[in-house]
Structures are given as C-alpha cells and as structure tokens.
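The values are calculated or read from the model by the stated rules, or taken from the named source; none is laboratory data. Predicted, not measured: the structure shown is a model, and the values here were computed from it. We place every Cβ from the backbone using ideal geometry, glycine too, and count neighbours over all the protein chains shown.
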Amino acid sequence: MQVLKFGGTSVGSADNIKRVISIVQERLEKDTTIVVVSAMGGATDALLNSGLMAAAGNEQYKEALQHIEQRHLETVKLLIPVQHQSHVLSLVKKLCNDIEDICNGIFLLGEFSARTRDRMISYGELISSRIIAATFNNSGTAAAWKDARTLIQTNDNFGNATVNGPVTRRRIADYIASCKEALVVMPGFIAADANNETTTLGRGGSDYTAAIMAAATDAACLEIWTDVPGMMTADPRWVSGAKVISSISYQEAMELSHFGAKVLYPPTIQPVLRKAIPVVIKNTFAPGDAGTVIQQKAFSNGNSIRGISSISNIALFSLEGSGMVGVPGFSRRLFEALSAAQINVILITQGSSEHSICVGVEASAIHKAKAVVDTEFEHEIAIEKVQPLLVETALSIVALVGENMKSHPGISGKMFGALGRNGVNVRAIAQGSSERNISAVVATKDVRKAINILHEEFFETTRKEIHLFIAGTGNVGSILLQQLQQQQDWLAKHLRLNVRVTGLANSRKMIIDDNGIDFHNWQEKLQGGEDADIEAFVNIIIGKNFRNAIFVDMTASDTVAKVYDRLLQKSVSVVACNKVAASSSYDYYRKLKDLARTYNCLYLFETNVGAALPVIGTLNDLLRSGDKINRIEAVLSGTLNFVFNHYNGQVSFAEVVKQAQDEGYTEPDPRLDLSGTDVMRKILILARESGEQLEMEDITCNGFLPESCMQGDVNAFYEELKKHEPHFKKLYSNAAAANSKLKFVATFEQGKAVAGLEHIPPQHDLYHLYGKDNVVLFYTGRYPVQPLVIKGAGAGAEVTASGVFADIIRATAS
Ligand code: ADP
Ligand code: ASP
Ligand code: MG
C-alpha cells in the first residue's frame, strides 16, 4: 500500500494533471495505490469568495461561479478525448449546478454559515478528483473514485472538524479489504459528520486526508507531491537562498509546519508518526529529485538548526498586575477562559516575577480574547490588582526549529544578536522546553527581513546579502564602485558576502534598485534617475527596511553628514570618508557614537584621518587594551606634505598647489588643506577618539596662509597665492637655513591640540616623509620613548576608497 497526495498547483491545470498521471503510472505496484488530490489551485478560494459575495448580496457571484465552471470544463476537454468526454462533462456540470444552488440559497438568505461554507468549498476537491479519476481511466489505468466522506468521519465542528479515529479506521480497513482496484483516487480535505453532513479538515487539509489514509492502511510510505522541491530551510518565496532539507524528524517537521511552513498541514504528522510511516515531500515539477524524507530520526545536517518559519497575523496580549504574584490559579483561569471561547493560544511567556503573562493568539481572535479575559478578571481589575488586558497587533512570529538545539549553547544569543544588529525589535520570546524551537514575536513589517537575517546567520552555505546605499560618485566614490565590482567574486568566495549597491546618489540624481545596481553602467543608470534629494534617499533606505544595510558617505557635504543620526536610529550602519560629522560639534559626534551602540550598528570613519592608514583603528585598539595616550604627533595632510616636499623656491608655490590639486590630493577647495582646517579636523577627531571632549574652537592653529588668500573663489585664491610668492619663498629659505624641512604638524597632548608649520630637523621622526605621505606618532604608556609609528600615503582616491571598502567590510560583520 502506498499513498500519494497531489496539491493544488500539482493539479492546477491540464498539463500539470498530465504530469500527475505519469508520476502515478510509474509508481503503480501490485498493491493498491491511493491517490489523494487537492482542488485545482485557487479553486477553494474562488468557491469561498463566491459564497461571501452571495452572502453580501453581490450578484457578481454568478459570474465567479461561471469562471469556476469554465475552468473545470476546459480542463476536462484538454485531458480527455472528445468521444469520451460527455460523461465527465455532465458530471462536472452537475456538480457546478449544485454549487450554484447552494450559492443561490446563500444569496436569498444573506447568510453563509460554517456548515454551508464547508459544503460549498468541498466542491473543489469533489470536482478535481472526479476529473483526475476519469483521466486515469482514459489513459489506460483503471482507477476507482472514492468519496472521502464515506470513509472519514468527523465531529460537526464545521470549518476545522476533528476526526473520529476508530470509526474512520474501521471504515477504511473495510473498504480496502473489499477494494479490487490497484488505484483509488479520492478527494482530500473533505469528510462528513455522523449525520453525513459535509465537513472539512481545515485549509490545507488534503495532506491530513492522505496521512489518515496512510496510517489506516499501514502504507509503506506517504508521498506528498507539491510545487517546491521539498520542505525547505525557509519559505522559498521569501528567502531566495532557501535549501531543501533532505532529512527531518517528525517532531521537527511538525514544529516547522505549526510555525507556518505551509508545505505541510500541521496535523498531518500525527497519524503517520504513530505508525512510523515515512513521509516524503516531492516536487511534481522535478519528480527525479530526492525531496525531503520525514521520519523518526533525521540524519544530521551538521547544523543545529533545521529550518526557519513564520506565522503572520499575530496579536499579543499581556495580563499584568501585582495581584498575580504568588497567587495560584491565575493562569488556569486565564487559559480556561480562552479555551471556553475556543481561542487558540499560539505562544505563551511568563516572566519569573509572575508579574505578567504574555499570550500570542491569531489577530482575528484578539477582540474576543480581550473581552473574555477582561470579564474573567473583572473583579481583580476593579480592585486594581490586575490591569485591563494590554493588546498589541500587527505582529508575527519567527521560529527557529531544530532537534539539536538543546545540545548547542549560544543559539538564542546568535539569533537575538543578529536580529538586534539589524534593528529588528523583539516583542516576546518563547522557547519550548523540548528546546526544539525558539520563537520570537516581531512586528509584521520586519518579518521578512528577520527570516532572511536568521537564514543567513544559521545556514552557513548561504551568502549574506549586503545592501549598500552610496552617496557621492565623485573621484573617490567612483573608484570605490570599481573596487567593489572587482572584488565581487572574491568577497562571495572568501567572506560569503553578496555586496550589492542598492542605492546610489550624487548631488544631481539618485537611483534605487532592490536587486543591485549594475556596476557596468551605473553612470548611465544614475543619469536617468530621479532628482537627488538626500532626505528622500534616506526615507527610501529606512522604508526599504533591508537587512545588512550600510550607508556610505563619499561626499564632503554638510547636508549629507546631517542624516547619519536618522539612519543609525534604524540600525543602518554608516561608513563615511566625509569628515564633517566626526569633526562637527562634539554633541553630534557623541550622539552618533551612542546611537550606533544603542542600535547595534557601526559608525565608521577610518578614512577621516590618513585615508586607508589604520590610524583610528590602532588608536582604538591601544585604548581598549588599557594603554594611555601621552602625546600624538602627526603630519596629517598629504596635501601639505606634497606641497612642502615639492616646493623649493624654484617653481612657484601656486603651481605646486595646482599640481597637488590636479593629482587629486586636495579637497575640492585647496584652502581647506592649506589653511590647516583639514588638519585641525583630523587632530580633533583623534583627540575625541582618545576620549577628549574637544571642539574645533579649542584647537590652536598657527596658519601660514596670508589672510587675503581666504577671500573669493578658488581662481581668486590662486591669483592671491601668486602675489604672495615672496612670502612662501621666505618660509622655505628660513627653514633651509636652519637645515630643516617645513612640515605642517599637528600635536595632541594633555588635552590640548595644536596645528601649525614647523621646522623639522633631519634627526626628527617626522623628517623623512615623502610625497603625500602621512605619519602619526603615538607616544603612549606602552610606547613611552620610541613611538608607535603609522606611516604611508595619506591621501589619494585609490587608498581612500580602499579604506572605505575596509570599513564597509567591518560593518558587514556587525
Ligand atoms: P500544495 O497545494 O501542494 O499543498 P501548498 O501551497 O499548501 O502546496 O504548500 C507549498 C507552499 O508552501 C510552497 O509553494 C511554499 O511557498 C510554501 N512554504 C512555506 N514554507 C515552506 C518551507 N519551509 N518549505 C517549503 N515550502 C514552504
Ligand atoms: N483545497 C484545500 C485548500 O486550499 C485543501 C488543500 O489543498 O489541501 O485549503
Ligand atoms: Mg498544502
């Protein structure tokens, strides 16, 4: 004996039914094969909607019924040769007439009772099973059609009836004993109560019908044929990297289906579990694939988690009050009240303080739940021992399922850590004592994100999807894009990261593409984008609510620097080569750092000082390990270093500055570098990172640029520089006379920061510094005399982009 069940999509069209026929024909054996079928995909809903329309007095139900009839008649015509069609066609027609009669009745009475509803929706399976049985008979395979209502007896709980096991088992045994056919086709989902009234086993109930048949006939195997390759690590509609679970235990399968894995109707496992009948989930559209085997003991997959599922439309209520502490009977009264009102409890948590009990129920039941519980505790509420029920809606449950969780510590830590880092707020947590399941209640708007985060966290073969939102596509920004493109494969292979640029903006245009902007033609795409608006860009980032989202600021803009706080508050990490934020008011700098900590994300700005040189990272490492900063001495302007290294009085100072600008070593306005402002910002950031609460105004800057150079635009500035050539020549010759070089040095010591031009003699650590290099000397408790030295190119688009790249990768690990 074997039982095969085919779901809605598998029998959803003539072509699909043909697949079903050949799958069954290949599997026929001497022993009887029972084929249980669903309604054609969507038919149950269509019937239900027609009934609802009729009940609402909407005459369009007639049209809807016509569609249902048409669909089935056409399917017959496509499956059965013309000369043999008439019998099946008239049968289908008759069943459709019955549906119409029922619907007309509903329309006249304006009432759609649970009983009528069951009768109405039973026709989906009644018709499909008739068509499929007839198709077998016309394809050379004799098949008997059996009405499930004559076998499966239930109580009269319409909508979700409970099976009367002993009667059902006896009837099935009798039937099988007398059955001569090698193949029986029967409708799933439907049954009848003791009065022969049609009932149903609940939505998705055909799986259950098949399991009842398998258990009652001691079948060797139950095969559930569906439209996915098996039971998967997560719902494949939501998680693109979901994988087939090849082996899973009954308990795990039950847990996953209870928590929303629709591929298997939850009650299905019970009957087969008792008889230890293996269940195989197979794909009708790839019959050769192995699918999922559900049995007593599953094979290890090397992972403590088997799958992730979710239930939406959940509401939570909390019963709270001092009157509950230590008083027995509160929970009994609560749950008895719920049970009497037939409210299904999905999740329960109770704090050890016993001060509150939190219960998750289906959202549709929450009003009723509140009413019955408030009534039950009316007295306690009146004397203020208990508060009226607190209710929260628009929630979902996400559940991790796996038998091996109990022997692996740290799973909930990993789970909640990952959710927290991505800004998913957890409203309630439950872990069954079986430790087979950890559930978290989250806002429904976060559920898809949460499942994807957890899937990435627990199924290591999947890649982590990183969503970058980049502002600024100038020199450094476009090189970053090049570097990202170039490293794509490497990141995927070695770090399991799928880094995509989901949003891109410059000062003119912006674009968003959920699937990632093509690296090859981003310029063109951006040009065709919307007009840029940084606030709108941020709104989109927040609205998209992507996991692993990182905002990358490649601009030098004040406006862009102002949006970081909004992003960090939504757990979007910020990586900036823009120094404005970190060097703006101390309050804003502090706020950003605190927000990053509170919302479990990162605010990284390593390139603010010395481009890709590991200056801030090293400083942080020193402090974290308990070192003390005595003094920082640094040449922090690649531009100024370039300028003073090249200027020797031969070529004019203005020309050397121009060369630095042309080679990309200056800020767009070179005065930011020459005036020392840029260096001040950098030493300010280092001072702040050292723990000093400093503002820009607290820094002493001994500038060398004549006042007049600061007026006008950049062109005017160059003109002024030319005029002041003798001033620069003098600066140079004075230094040369002292056998020294000119260096623009920044120092931080004892809470004070100073920047200015200095004469550096040959024996000084800062002397040998070439090109656009930067150098930072850290004199610390552990490096008191010989400083820790960081030296190398401190400006330039390539290195700056690579420093940002490194910060991005750091942020992905958060
Ligand atoms: P059928 O009509 O064959 O009974 P269902 O629609 O009831 O099919 O169930 C199959 C669907 O279940 C799949 O199309 C898939 O979208 C959904 N699903 C949800 N969670 C899972 C999961 N963990 N594994 C596989 N499918 C799942
Ligand atoms: N046709 C029913 C439903 O859609 C039962 C099933 O397909 O399993 O719920
Ligand atoms: Mg189903």
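Looking at Thr233, Thr268, Thr226, which is the one that is crowded, with 24+ Cβ neighbours inside 10 Å and more than 8 Å from ligand 1 (Cβ to nearest atom)?
Thr268
Name every residue in the range 1-36 that is in contact with an Asp or Glu (Cβ under 8 Å, 6 or more places away or on another chain), away from ligand 3 (no atom under 14 Å from the Cβ) and of a type in the set (Ser, Thr, Tyr), in order of residue number.
Thr32
Answer yes if at least one residue in the range 123-137 is surrounded by fewer than 20 Cβ atoms within 10 Å (Cβ to Cβ) and farther than 22 Å from Gln25 by Cβ, and no otherwise.
no
Picking from Ala215, Ala219, Ala182, Ala191, which residue would you name as being touching a residue at least 24 places away in the same chain (Cβ under 8 Å) and farther than 15 Å from Pro271 by Cβ?
Of the residues listed, the single one that is touching a residue at least 24 places away in the same chain (Cβ under 8 Å) and farther than 15 Å from Pro271 by Cβ is Ala182.
Please work out if Ala443 is closer than 24 Å to Ala505 by Cα and either buried (at least 16 other Cβ atoms within 10 Å of the Cβ) or of a type in the set (Val, Ile, Thr) (or both).
No; evaluated as a whole, the condition is false for this residue.
Can you find, within the range 181-209, the residue that is nearest to ligand 3 (Cβ to nearest atom) among those that are farther than 15 Å from Gly7 by Cβ and among the hydroxyl-bearing types (Ser, Thr, Tyr)?
Thr200
Every residue, every condition in (1) more than 30 Å from Asp673 (Cα to Cα); (2) without any contact (Cβ under 8 Å) to a residue 40 or more places away in the chain, yes or no:
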residue	(1), (2)
Gln487	yes, no
Val501	yes, yes
His520	yes, yes
Gln527	yes, yes
Ala536	yes, yes
Asn539	yes, yes
Lys562	no, yes
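Kindly list the number of the only condition in (1) within 21 Å of Asn344 (Cβ to Cβ); (2) touching a Lys or Arg at 6+ places or on another chain (Cβ under 9 Å); (3) within 15 Å of ligand 3 (Cβ to nearest atom) that fails for Met232.
Evaluating Met232 over (1) within 21 Å of Asn344 (Cβ to Cβ); (2) touching a Lys or Arg at 6+ places or on another chain (Cβ under 9 Å); (3) within 15 Å of ligand 3 (Cβ to nearest atom) leaves (1) as the failure.
Quick check on my filter: what residues within the range 680-713 are at pLDDT below 95 and surrounded by fewer than 12 Cβ atoms within 10 Å (Cβ to Cβ)?
Answer for the range 680-713, where residues must be at pLDDT below 95 and surrounded by fewer than 12 Cβ atoms within 10 Å (Cβ to Cβ): Glu707, Gln711, Asp713.
Any chance you could count how many residues in the range 620-661 are among the hydrophobic types (A, V, I, L, M, F, W, C) and loosely packed, with under 15 Cβ neighbours inside 10 Å?
Going through the range 620-661 one residue at a time, the tally reaches 1.
Does Ala242 satisfy being surrounded by 20 or more Cβ atoms within 10 Å (Cβ to Cβ), part of a loop (DSSP other than H, G, I, E, B) and of a type outside the set (Val, Ile, Thr)?
Yes: the conditions hold for Ala242.
Every residue in the range 755-779 that is surrounded by fewer than 19 Cβ atoms within 10 Å (Cβ to Cβ), assigned to a strand (DSSP E or B) and under 51 Å from the mean Cα position of the chain (by Cα), please.
Passing the criteria: Gly756, Tyr779.
Considering only the range 235-249, state which residues are more than 16 Å from ligand 3 (Cβ to nearest atom) and touching a residue at least 60 places away in the same chain (Cβ under 8 Å).
Selection gives Trp238, Val239, Gly241, Ala242, Lys243, Ile245, Ser249.
Does the range 205-241 hold any residues that are within 12 Å of ligand 2 (Cβ to nearest atom) and β-branched (Val, Ile, Thr), and which are they?
Thr209, Ile224, Thr226
Check Thr292, Thr284 and return the single one that is more than 30 Å from Ala369 (Cα to Cα), surrounded by fewer than 21 Cβ atoms within 10 Å (Cβ to Cβ), in contact (Cβ under 8 Å) with a residue 12 or more places away in the chain and near ligand 1 (Cβ under 10 Å from one of its atoms).
Exactly one of Thr292, Thr284 is more than 30 Å from Ala369 (Cα to Cα), surrounded by fewer than 21 Cβ atoms within 10 Å (Cβ to Cβ), in contact (Cβ under 8 Å) with a residue 12 or more places away in the chain and near ligand 1 (Cβ under 10 Å from one of its atoms), namely Thr284.
Name the single residue, out of those in the range 729-753 being under 49 Å from the mean Cα position of the chain (by Cα) and buried (at least 16 other Cβ atoms within 10 Å of the Cβ), that is farthest from Arg631 (Cα to Cα).
Ranking the qualifying residues of the range 729-753, first place goes to Phe744.
Sort out for me the strands (runs of 3 or more DSSP E) sitting completely within the range 250-325 that have 1 or more residues that are away from ligand 3 (no atom under 16 Å from the Cβ), at pLDDT below 95 and more than 27 Å from Glu457 (Cβ to Cβ).
307-320
Residues in the range 166-185: is at least one in a strand (DSSP E or B), more than 16 Å from ligand 2 (Cβ to nearest atom) and hydrophobic (A, V, I, L, M, F, W, C)?
Within the range 166-185, one or more residues are in a strand (DSSP E or B), more than 16 Å from ligand 2 (Cβ to nearest atom) and hydrophobic (A, V, I, L, M, F, W, C).
Kindly indicate whether any position in the range 176-194 is over 36 Å from the mean Cα position of the chain (by Cα), surrounded by fewer than 16 Cβ atoms within 10 Å (Cβ to Cβ), at pLDDT 95 or above and closer than 21 Å to Val37 by Cα.
No.
Which condition breaks for Val11 when tested against (1) part of a helix (DSSP H, G or I); (2) closer than 14 Å to Ser129 by Cα?
(1)
Can you give me the number of residues within the range 35-82 that are more than 19 Å from Thr284 (Cβ to Cβ) and of a type in the set (A, V, I, L, M, F, W, C)?
Of the residues in the range 35-82, 15 are more than 19 Å from Thr284 (Cβ to Cβ) and of a type in the set (A, V, I, L, M, F, W, C).
List the pairs whose first member sits in the range 255-269 and is within 15 Å of Leu400 (Cβ to Cβ), whose second member is assigned to a helix (DSSP H, G or I) and more than 10 Å from ligand 1 (Cβ to nearest atom), and whose Cβ atoms are under 6 Å apart, counting only residues at least 6 apart or on separate chains?
These pairs meet every condition: Ser257/Pro266; His258/Pro266.
Would you point out the residue of the range 142-160, among those that are surrounded by 19 or more Cβ atoms within 10 Å (Cβ to Cβ) and outside any strand (DSSP E or B), that is nearest to ligand 2 (Cβ to nearest atom)?
Once the filter is applied, the top-ranked residue is Ala148.
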